[in-house]
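**Student:** Below is a structure I'd like to ask you about.
The values are calculated or read from the model by the stated rules, or taken from the named source; none is laboratory data. Fair warning: this is a prediction, and the values are worked out from it, not measured in the lab. Counting neighbours? That spans all protein chains shown, and the Cβs are built from the backbone with ideal geometry, glycine included.
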Amino acid sequence: MYIDTCVAVKLYTREPDSEACQRIVSGQRLVSSELLYTELWSALLAKERNKVITPSLRQRVWQLFEEHLLDDVIELVALDGHVVREAAEVMAKVNPQVPLRTLDAIHLATYLGIEAGALFTKDKRMIEAARRLELPLAD
């Protein structure tokens, strides 16, 4: 199953729908773009700045994420020029109906280049773009 950053944040921190997300990914092989590495770090720092999590919790969550990478709980797919060019194509295909952001387009382009099962996102624009591209979405 391919997860984007908004789902990863819900898996690693407590948010209102974190438990539901955990149930959906339970037992699945998780894959994402290597963008996840920086995007998750940014999200954790933002949660810390906004006093949603403590510095020590941020450190524990990051350590767990790093362990999951080493243990292949989550596999990150390399970002390369092909993915970037494919992201531009994805944006063109859903334009003008979906104002897809660059990093979301890169996630979708990464997904298109691999076999990962369903795409799991909570981002409304990504969901709409995935529907227009007829991609399988996780429930």
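**Student:** Could you list, in sequence order, all residues of the range 74-102 that are within 14 Å of Lys124 (Cα to Cα) and not polar (S, T, N, Q)? Reasoning before the result, please.
**Tutor:** Restricting attention to the range 74-102, the residues satisfying the condition of being within 14 Å of Lys124 (Cα to Cα) are 94, 97-101.
Val94, Val98, Pro99, Leu100, Arg101, listed by residue number.
**Student:** Can you tell me which residue is nearest to Ala8 (Cα to Cα) among those in the range 93-129 that are of a type in the set (S, T, N, Q) and part of a loop (DSSP other than H, G, I, E, B)?
**Tutor:** Initially, the range 93-129 is screened for residues of a type in the set (S, T, N, Q), giving 95, 97, 102, 110, 121.
Of the ones still in play, those that are also part of a loop (DSSP other than H, G, I, E, B) are 95, 97, 121.
Details: Asn95: 26, Gln97: 26, Thr121: 9 Å.
Among residues in the range 93-129 that are of a type in the set (S, T, N, Q) and part of a loop (DSSP other than H, G, I, E, B), the one nearest to Ala8 (Cα to Cα) is Thr121.
**Student:** Next question, about the same structure. Just give me the residues in the range 40-57 being surrounded by 12 or more Cβ atoms within 10 Å (Cβ to Cβ) and more than 18 Å from the chain's Cα centre (by Cα), in sequence order.
**Tutor:** Result: Glu48, Val52, Ile53, Leu57.
**Student:** Also, quick follow-up: Counting just the residues of the range 1-35 that are of a type in the set (Lys, Arg) and in contact (Cβ under 8 Å) with a residue 24 or more places away in the chain, which one comes out surrounded by the most Cβ atoms within 10 Å (Cβ to Cβ)?
**Tutor:** Taking the range 1-35 and keeping what is of a type in the set (Lys, Arg), we get 10, 14, 23, 29.
This time we only want the ones that are in contact (Cβ under 8 Å) with a residue 24 or more places away in the chain, so: 10, 29.
On the way: Lys10: 22, Arg29: 13.
Ranking the candidates gives Lys10 first.
**Student:** Quick test for you: out of Glu34, Glu66, pick the one residue that is at pLDDT 95 or above and touching a helix residue (DSSP H, G or I) at 6+ places or on another chain (Cβ under 9 Å).
**Tutor:** Details: Glu66 fails: touching a helix residue (DSSP H, G or I) at 6+ places or on another chain (Cβ under 9 Å).
So the residue among Glu34, Glu66 that is at pLDDT 95 or above and touching a helix residue (DSSP H, G or I) at 6+ places or on another chain (Cβ under 9 Å) is Glu34.
**Student:** Another question, if that's okay. Taking the condition closer than 13 Å to Val7 by Cα and not charged (D, E, K, R), does His107 pass? Please lay out each step first, then the result.
**Tutor:** Details: closer than 13 Å to Val7 by Cα: yes; not charged (D, E, K, R): yes.
Answer is yes for this residue.
**Student:** Another question, then. Considering only the range 110-139, state which residues are within 17 Å of Cys6 (Cα to Cα) and surrounded by fewer than 21 Cβ atoms within 10 Å (Cβ to Cβ).
**Tutor:** First, the residues of the range 110-139 that are within 17 Å of Cys6 (Cα to Cα): 110-111, 118-130, 137-139.
Passing the criteria: Ala118, Lys122, Asp123, Lys124, Arg125, Ile127, Glu128, Leu137, Ala138, Asp139.
**Student:** Give the residue that is farthest from Val25 (Cα to Cα), with candidates limited to residues of the range 94-139 that are free of Cβ contacts under 8 Å to residues at least 24 places away in the same chain and of a type in the set (Asp, Glu).
**Tutor:** The qualifying residue farthest from Val25 (Cα to Cα) is Glu134.
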